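Scroll down for the structure; my scribbles are underneath it.
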Amino acid sequence: MSKEKKMNEKGFKAWLARFLTNEKWSKLTVPVFCIVLMLIFSSILLLILGKNPFTAFYSFLAGNGFAPKASYGAGSGMLSDFFQFLNIMAPMLLAALAFIFAYRCGLFNIGIAGQMLLSGFVASITVGYMKNLSGVIAKPLVILIGILVGGALGAFVGFLKYRFNIHEVVSTIMINYIISYLTGFYINSKFVDPISRASKVVSAQSRLTYTKVLIGGFYCNVPLGIVLAIVMAFVVHFIFEKTVFGFELRAVGSNRNAARYSGINVGRQIVFSMMLSGVLAGLAGVTYYLGFTNQILPKTLAGMGYDAIATALLGNSNPLGAILSSMLITLFQNGSNYMSSVLGVAKEIASVITGILLLFSACGGYFRYVSAASLDRLADYKHTQEKQEKEAKGGADK
Amino acid sequence: MGANNEEYIVEMRHITKRFPGIIANDDVTIQVKKGEIYALLGENGAGKSTLMSMLYGLYEPDHGEIYVRGEKVEFKSPAEAAAKNIGMVHQHFKLVDNYTVGENIVLGIEPMKKALGIFPYVDMKEANEKIRTLSKEYGLEVNPTDLISDINVSIRQRVEIMKMLYREAEILIFDEPTAILTPQEVEYLLKIMLELRKGGKTIILITHKIEEIKKVADRCAILRRGRLIDILDVPTTSTQEMANLMVGRNVELSAVKSEPHFGGVVLSVKDLSVRNEEKVQVVKGISFDVRAGEIFAIAGVSGNGQVELADAITGLEKIESGSVTLLGKEITNESIRTRTESGISYIPEDRQKFGIFMDFSLRDNMAIRRYYKEPFSKKGIFNFAESEAYANNVIDNYDVRSGQGAKTIMRSMSGGNQQKAIVGREIEEHTPLIIFVQPTRGLDMGAIENVHKQILQERDRGAAIVLISLELEEVMNLADTIGVIYNGQLLKIADAGTLTSQDVGRYMMGVTEA
């Protein structure tokens, strides 16, 4: 052979390939590998800008309460930052789950932002503005409204697709606009707070985040939403992996014709899937507008409704993966303020770093493929070497 | 091996190629002479296509060397192979539907001209002229101004061949070219191949159909499970000998059938009409009965309404008028699930589109007829141990070969094994009515033999069987009753014993008087 490549089965390359293809762990090792690549590349970027990457990453962590900051304001500390992080992560995770739920059934729910806004709006003007309602009743009511409004909106989109074959991407984008302007109109004409120019704040009883709770001497905003979100992640996971209903949804998403052939009622599953995606988006909405914030900016859709798509994809469109990916994305988004103030760089640099992360995670499948191929070559190389050795021995015997 | 032999236009030496969990080619050496038709014979998954994909630059071999015209080559892409005048007609065509034949042929190497000396445009006139000349030269009828979406598969294949000729390919690789063609179209294609050889082209033909090799090939290499078994001189080797070498054991070339024992009527179709999506009536008032223990074979040229007929019986296609009765119960307007539950199994024609979920595991695919019932699931929650055991059962009984058993993702399996899995899954239901559409399409001889045996077994068990096939031989071998479909109508229904294959062939062409 003219070009005999040297192969070493104990070398770093082989080790890395094995690390990435390990059947049991590759779901974890590949994203970790992507994150490491992201760290390397964003470090290079920061070095070019003349900043210390370690300070940058440390400040991301500090900004979210995973590491101590240099100084804190009165009454706040690491714990306050950490709870704030959870406050944003909760709706992000729910929104990502909403996307996953439709995506697994082959549907692209672009309407998460609109579904969030409408359920947040309805919950605000009903329960949120109701005086003298105790928290024990108000909070479950808010969640219920989130479920109902989001679900109804999602089901409507599913119905449009099922009955009139209107593509969900088109209908949800349009519905997003309608909701944004309609709620904007009502807020501006009826519920506006003349000073903040947003809607009037909702009552503390109805809010899903307990504000200024004293924990360990620090004032923290404790979100109920994060418990809800993580529970939902496991519920969604269970539905898809273990139930007949989830199997049918995946079947529809995987091959609509074969699903029909198997006797699955495709239209009904599309409506169900969109409805449940809407339910999750509705939950994201109430945890966002009656949790993380307590008022609504008119005519503004939450960017989170779109970021959730990237978050879901980073998590392999897996509900449990979404827990980790929403943590990570939130870490960079929420930490960007503090990072930029510590380093003195533009806040957008944080967005660039998030972008790099998403770029590499999109390459995850490719990394897995390349390493599997290189392991095969290695096995083949070993195989032929052994064969040659045997032949050489056989020749010597003769 | 000594110095490069001038005699050989293509040499592949000691080729080894691995894929995860499988050795596709293990130390394979073939040498092709200029101007010959060289056949690669082997069962599904024997490694024929993989070997040729390396010659065509789609894969790189893990080991071994490739020589073209005595010169060592290492193709990194099909473009590099094309530069050495190698062309390939794939099993699945790569054509742009809404372009014309001519545009598809010149795509990538468009003859450019400049209007008024500055505005570049594609000179289709000149291209179409060149295509017409080539068309005459090789007897390859294509009309360069037709839209791809308007022409049938056989002509699309001609377009693929023309694409290679237009690019001045000298070495033409055909990957299972006859799998999708009717008998007449196969004849035509084989004639074109001989014509091409006359024109000095070298042809490598990948196939598992021995008759075709017998008709056109000069030499033939037999592959089995990735290894080269033998290289034969075709004119001096018998068909039986080739079949045995390919499968690795003795093969019965036609199925042995016992006397039929008919029972009561299982399926009764009355005045059934179906309109397709384009609102064209494709099934026109068809009526027939199928009894228990009877194989009712529907013969016909592709596209005469047979697939729509099967879809209408199973509920995939809406019925315009008429009725379908199963075991005395009318099911004309029932849902698909109700129909299958009342006793229908269905092996659809397009297996990847309808029969399976490519991204699901073999385990899940084997369970789709039963997953919602106990013991596969209880109260809507799966018991995967059950479906895995069930899948393993099908894998063993129907010789489904896969890399990782029940866990294998369907996509990574060869087409033949996917088909075996579907046939196994549907037969295992042991329903009163089984509808087979092209059950052996794309299968190799060993697997065809198996499927035929299983069909006969089901018939002897007392199932009513509707067999829709384009292979006349299959119909003649298996049928108890033959119905010939032409243009959406059953032109003739008769006992199989009373018809010769010539009779059936005539009816297939629409000729009614004897």
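The values are calculated or read from the model by the stated rules, or taken from the named source; none is laboratory data. Owing to the predicted nature of the structure, the values given are computational and were not obtained by experimental measurement. No Cβ is skipped: glycine too gets one built from the backbone with ideal geometry, and neighbour counts run over all protein chains shown. Note: accessible area is taken over every heavy atom of the protein model, side chains too, but ligands, DNA and RNA are not part of it. Shrake-Rupley method; radii C 1.70, N 1.55, O 1.52, S 1.80 Å.
Going by what's in this entry, would B:Gly57 be described as over 23 Å from the mean Cα position of the chain (by Cα), not hydroxyl-bearing (Ser, Thr, Tyr) and not in a strand (DSSP E or B)?
Yes: the conditions hold for B:Gly57.
Considering the stretch A:7-66 alone, what residues qualify as being among the charged types (D, E, K, R) and at pLDDT 80 or above?
Residue satisfying the conditions is A:Lys51 alone.
All but one of (1) of a type outside the set (Val, Ile, Thr); (2) without any contact (Cβ under 8 Å) to a residue 40 or more places away in the chain; (3) within 14 Å of chain A (Cβ to nearest Cβ) hold for B:Asp289; state the number of the condition that does not hold.
Of the numbered conditions (1) of a type outside the set (Val, Ile, Thr); (2) without any contact (Cβ under 8 Å) to a residue 40 or more places away in the chain; (3) within 14 Å of chain A (Cβ to nearest Cβ), the odd one out for B:Asp289 is (3).
Table: residues versus (1) part of a helix (DSSP H, G or I); (2) more than 11 Å from chain B (Cβ to nearest Cβ); (3) touching a residue at least 12 places away in the same chain (Cβ under 8 Å); (4) not small (Gly, Ala, Ser).
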{"residue": "A:Met232", "(1), (2), (3), (4)": "yes, yes, yes, yes"}
{"residue": "A:Ile239", "(1), (2), (3), (4)": "yes, no, no, yes"}
{"residue": "A:Leu249", "(1), (2), (3), (4)": "yes, yes, yes, yes"}
{"residue": "A:Val252", "(1), (2), (3), (4)": "yes, no, yes, yes"}
{"residue": "A:Arg260", "(1), (2), (3), (4)": "yes, no, no, yes"}
{"residue": "A:Ile264", "(1), (2), (3), (4)": "no, no, yes, yes"}
{"residue": "A:Ile270", "(1), (2), (3), (4)": "yes, yes, yes, yes"}
{"residue": "A:Met274", "(1), (2), (3), (4)": "yes, yes, yes, yes"}
{"residue": "A:Ser277", "(1), (2), (3), (4)": "yes, yes, yes, no"}
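Condition first: in contact with a helix residue (DSSP H, G or I) (Cβ under 8 Å, 6 or more places away or on another chain) and either open to solvent by less than 50 Å² (accessible area, probe 1.4 Å) or of a type in the set (Gly, Ala, Ser) (or both). Now tell me which residues in the stretch B:255-275 satisfy that.
Listed by number, the residues that qualify are B:Ala255, B:Ser258, B:Pro260, B:Leu267, B:Val269, B:Leu272, B:Val274.
For every residue, the table says whether it meets (1) open to solvent by 60 Å² or more (accessible area, probe 1.4 Å); (2) outside any helix (DSSP H, G or I); (3) over 16 Å from B:Glu259 (Cα atoms).
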| residue | (1), (2), (3) |
| --- | --- |
| B:Gly446 | no, no, yes |
| B:Asp460 | yes, no, no |
| B:Val475 | no, no, yes |
| B:Gln502 | yes, no, yes |
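Considering only the stretch B:8-24, state which residues are crowded, with 18+ Cβ neighbours inside 10 Å, within 11 Å of chain A (Cβ to nearest Cβ) and at pLDDT 90 or above.
B:Thr16
Any residue that is modelled with pLDDT under 90, more than 10 Å from chain A (Cβ to nearest Cβ) and either closer than 30 Å to B:Ala24 by Cα or more than 28 Å from the chain's Cα centre (by Cα) (or both) - is there at least one of those in the stretch B:309-329?
Looking through the stretch B:309-329, none of the residues is modelled with pLDDT under 90, more than 10 Å from chain A (Cβ to nearest Cβ) and either closer than 30 Å to B:Ala24 by Cα or more than 28 Å from the chain's Cα centre (by Cα) (or both).
Anything in the stretch A:194-220 that is open to solvent by less than 40 Å² (accessible area, probe 1.4 Å), over 14 Å from A:Phe121 (Cβ atoms) and not basic (Lys, Arg)? List them, or say none.
Matches in the stretch A:194-220: A:Ser203, A:Leu208, A:Thr209, A:Cys220.
Yes/no matrix, rows are residues, columns are (1) modelled with pLDDT under 75; (2) polar (S, T, N, Q):
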residue: A:Ser336; (1), (2): no, yes
residue: A:Leu343; (1), (2): no, no
residue: A:Ile353; (1), (2): no, no
residue: A:Leu358; (1), (2): yes, no
residue: A:Gly364; (1), (2): yes, no
residue: A:Val370; (1), (2): no, no
residue: A:Arg377; (1), (2): yes, no
residue: A:Tyr381; (1), (2): yes, no
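Are any residues in the stretch B:276-313 open to solvent by less than 30 Å² (accessible area, probe 1.4 Å) and of a type in the set (Gly, Ala, Ser), and if so, which ones?
B:Ala292, B:Gly293, B:Ala297, B:Ala299, B:Gly300, B:Gly305, B:Ala310, B:Ala312
Considering only the stretch A:53-71, state which residues are open to solvent by 80 Å² or more (accessible area, probe 1.4 Å) and in a loop (DSSP other than H, G, I, E, B).
Of everything in the stretch A:53-71, those that are open to solvent by 80 Å² or more (accessible area, probe 1.4 Å) and in a loop (DSSP other than H, G, I, E, B) turn out to be A:Phe66, A:Ala70, A:Ser71.
Please go through the stretch B:371-389 and pick out each residue that is more than 7 Å from chain A (Cβ to nearest Cβ) and not acidic (Asp, Glu). Talk me through it step by step, then tell me what you get.
If we filter the stretch B:371-389 for residues that are more than 7 Å from chain A (Cβ to nearest Cβ), which is where we start, we get B:373-376, B:378-379, B:383-389.
Matches in the stretch B:371-389: B:Lys373, B:Pro375, B:Phe376, B:Lys378, B:Lys379, B:Asn383, B:Phe384, B:Ala385, B:Ser387, B:Ala389.
Considering the stretch B:93-138 alone, what residues qualify as being open to solvent by less than 40 Å² (accessible area, probe 1.4 Å) and part of a loop (DSSP other than H, G, I, E, B)?
Once the filter is applied, which keeps residues that are open to solvent by less than 40 Å² (accessible area, probe 1.4 Å) and part of a loop (DSSP other than H, G, I, E, B), the stretch B:93-138 yields B:Leu95, B:Pro111, B:Asp123.
Give just the number: which of (1) away from chain A (no Cβ under 14 Å); (2) under 24 Å from B:Ala297 (Cβ atoms) does B:Ser414 not satisfy?
For B:Ser414, the exception is condition (2).
Using the structure shown, decide if B:Gly488 is modelled with pLDDT under 90, within 21 Å of the chain's Cα centre (by Cα) and open to solvent by less than 10 Å² (accessible area, probe 1.4 Å).
Against the criterion (modelled with pLDDT under 90, within 21 Å of the chain's Cα centre (by Cα) and open to solvent by less than 10 Å² (accessible area, probe 1.4 Å)), B:Gly488 does not qualify.
Filter the stretch A:79-132 for residues that are outside any helix (DSSP H, G or I) and open to solvent by less than 20 Å² (accessible area, probe 1.4 Å); which is nearest to A:Thr300 (Cα to Cα)?
By that ranking, first place goes to A:Gly111.
With respect to the numbered conditions (1) in contact with a Phe, Trp or Tyr (Cβ under 9 Å, 6 or more places away or on another chain); (2) modelled with pLDDT under 90; (3) within 14 Å of another protein chain (Cβ to nearest Cβ); (4) surrounded by 16 or more Cβ atoms within 10 Å (Cβ to Cβ), which one is the sole condition not fulfilled by B:Ala421?
Checking B:Ala421 against (1) in contact with a Phe, Trp or Tyr (Cβ under 9 Å, 6 or more places away or on another chain); (2) modelled with pLDDT under 90; (3) within 14 Å of another protein chain (Cβ to nearest Cβ); (4) surrounded by 16 or more Cβ atoms within 10 Å (Cβ to Cβ), the one that fails is (2).
Yes/no matrix, rows are residues, columns are (1) among the polar types (S, T, N, Q); (2) within 30 Å of B:Glu334 (Cα to Cα):
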site: A:Phe247; (1), (2): no, yes
site: A:Arg250; (1), (2): no, yes
site: A:Ser254; (1), (2): yes, yes
site: A:Gly263; (1), (2): no, yes
site: A:Ile270; (1), (2): no, yes
site: A:Ser273; (1), (2): yes, yes
site: A:Ala281; (1), (2): no, no
site: A:Gly285; (1), (2): no, no
site: A:Thr293; (1), (2): yes, no
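Pick from the stretch B:330-370 the residues that are within 11 Å of chain A (Cβ to nearest Cβ), aliphatic (A, V, I, L, M) and not in a loop (DSSP other than H, G, I, E, B): which of them is farthest from B:Glu426 (Cα to Cα)?
B:Ile336
When you look at A:Ser189, is it away from chain B (no Cβ under 14 Å), more than 30 Å from B:Thr314 (Cβ to Cβ) and either small (Gly, Ala, Ser) or not in a strand (DSSP E or B) (or both), yes or no?
So A:Ser189 passes the test.
Could you grab me the full set of residues in the stretch B:314-362 that are crowded, with 19+ Cβ neighbours inside 10 Å and of a type in the set (Lys, Arg)?
B:Arg339, B:Arg351 - these are the residues of the stretch B:314-362 that are crowded, with 19+ Cβ neighbours inside 10 Å and of a type in the set (Lys, Arg).
Could you say whether any residue in the stretch B:472-495 is touching a residue at least 24 places away in the same chain (Cβ under 8 Å) and within 30 Å of A:Ala251 (Cα to Cα)? Full working, then the answer.
Going residue by residue through the stretch B:472-495, those that are touching a residue at least 24 places away in the same chain (Cβ under 8 Å) are B:472-490, B:493.
Going one step further and asking which of them are within 30 Å of A:Ala251 (Cα to Cα), we end up with none.
Taking every residue of the stretch B:472-495 in turn, none turns out to be touching a residue at least 24 places away in the same chain (Cβ under 8 Å) and within 30 Å of A:Ala251 (Cα to Cα).
Is it the case that A:Leu280 is among the hydrophobic types (A, V, I, L, M, F, W, C) and within 30 Å of A:Ala70 (Cβ to Cβ)?
No.
Might you check whether a residue that is in a strand (DSSP E or B) and farther than 26 Å from B:Met508 by Cβ occurs anywhere in the stretch B:389-399? Show your work before the answer.
First pass over the stretch B:389-399, keeping only residues in a strand (DSSP E or B): none.
For the stretch B:389-399, residues in a strand (DSSP E or B) and farther than 26 Å from B:Met508 by Cβ: absent.
Could you please let me know if A:Asn318 is open to solvent by 10 Å² or more (accessible area, probe 1.4 Å), farther than 25 Å from A:Ser351 by Cβ and of a type outside the set (Phe, Trp, Tyr)?
no
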